[in-house]
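Reviewing the structure listed below.
The values are calculated or read from the model by the stated rules, or taken from the named source; none is laboratory data. What you see is a predicted model, and the numbers here were worked out from it, not measured in a lab. Note that we place each Cβ from the backbone using ideal geometry, even for glycine, and neighbour counts take in every protein chain shown. These accessible areas exclude ligands, DNA and RNA; they are computed on the full protein's heavy atoms, side chains included. Shrake-Rupley method; radii C 1.70, N 1.55, O 1.52, S 1.80 Å.
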Amino acid sequence: MIPFALLAMAIHRWPMLWRQGCSFWKLLGCGHNGTFDLQPDWQQWGLLAVWDEREDFDRFYSKSFVSKWWATYATEQWTILLEPLQSHGRWNGKEPFGKPNISTYTGPVAVLTRATIRFNKLKNFWSNVDEVANIMAAAPGYITSVGIGEAPVYRQATFSVWESADAVKNFAYNTPEHAEVIRKTRQENWYSEELFARFKPLETWGTLNGKNPLKNILK
């Protein structure tokens, strides 16, 4: 099914470009290790989309050419609906999730970290991320993650889900390896553009690597 996936990355741009009710979207490749990865996983692909209303998503999911394509050719699908809680930075010059600042929410949290890496900083970036990726998977409160990218090597992102915002903060700032990467990011100016966003998971269905990571967490 890999040829159909590669074909989809090319032709699905047109129906998404003209999709009503969708203010932002990205067709994404995935890495092997649940985070940034130089080696792509040719069997796993993603779509990130921002919808004006729930009805717009429902119409897309039930009737669109894109969703029917994946229903026909994919062997596994996982869908998660999210509400933005906080978002800082830009993606292709846009603020796709607006500027929410909701700090009163408690519960499981999804996190998106995305960056365009400067070409002269690629070696520095890739020499630091593998160790952090391995530590993240064993961090307290970690549920799951997917490495995603809109372009090989230099436009990379990680989507992760955690039991709470405190678990995210503990990993980000109290893990020495990750704190060091954050320091180097700022000091050495790795990124020409970056975005960090947190979300409240609303609904999820399907499976990721054989199971729904949030099956017993979302009520």
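What whole-number value in Å² describes the accessible area per residue of the chain for a 1.4 Å probe?
Normalised by residue count, the accessible surface of the chain is 56 Å².
Got the relative contact order for the chain handy, in percent, Cα pairs under 8 Å and 6 or more residues apart?
Here the relative contact order equals 28 percent.
What does the charge count near Phe57 come to, summing +1 for each Lys or Arg and -1 for each Asp or Glu among other residues with Cβ under 13 Å from its Cβ?
It works out to a net charge of -3.
Under a cut-off of 16 Å between alpha-carbon atoms, report the aspartates and glutamates in cross-link reach of Lys94, not counting same-chain residues fewer than 8 places apart.
Partners found: Asp52, Glu150, Glu193, Glu194.
Mean-square fluctuation check for the chain, GNM, Cα pairs under 10 Å: which of Trp14, Trp45, Trp78 is largest?
Sorting by GNM fluctuation, first place goes to Trp14.
Need one number: nm distance between label points at Ser127 and Ser192, each 7 Å from Cα along Cα→Cβ, rounded to one decimal.
2.2 nm
What is the magnitude of the charge dipole of the stretch 105-184 about its Cα centre, with +1 placed on the Cβ of each Lys and Arg, -1 on the Cβ of each Asp and Glu, and no other charges, expressed in debye to the nearest 20?
For the stretch 105-184, the charge dipole is close to 440 debye.
Could you work out what % of the accessible surface of the stretch 1-101 is carbon and sulfur, using a 1.4 angstrom probe and leaving DNA, RNA and ligands out of the count?
For the stretch 1-101, the apolar C and S fraction of the accessible surface comes to 54 percent.
Mind putting a number on the dipole of the stretch 80-219 about its Cα centre? Charges go on the C-beta only, +1 for Lys and Arg and -1 for Asp and Glu, and I need it in Debye to the nearest 20.
With Lys and Arg at +1 and Asp and Glu at -1, about 240 debye.
Which entries of Lys63/Lys211; Lys169/Lys200; Lys26/Lys63; Lys26/Lys68; Lys123/Lys184; Lys99/Lys211 show an alpha-carbon separation above 21 angstrom in the structure shown?
The answer is Lys63/Lys211; Lys99/Lys211.
FRET efficiency for Ala138 and Tyr105, Cβ-Cβ distance as r, R0 = 22 Å, nearest 0.05?
Once the sixth-power term is evaluated, E becomes 0.30.
What is the spin-label model distance, in nm, from Lys169 to Trp205 if the labels are put 7 Å beyond Cα along the C-beta direction?
3.5 nm
Measure off, as a whole percent, the carbon and sulfur share of the 1.4 Å-probe accessible area of the stretch 116-219, all protein chains present.
49 percent
Helix check for the chain. Which DSSP H runs span at least 15 Å along their own axis by Cα, with a mean Kyte-Doolittle hydropathy no less than 0.0?
Long hydrophobic helices here: 122-137.
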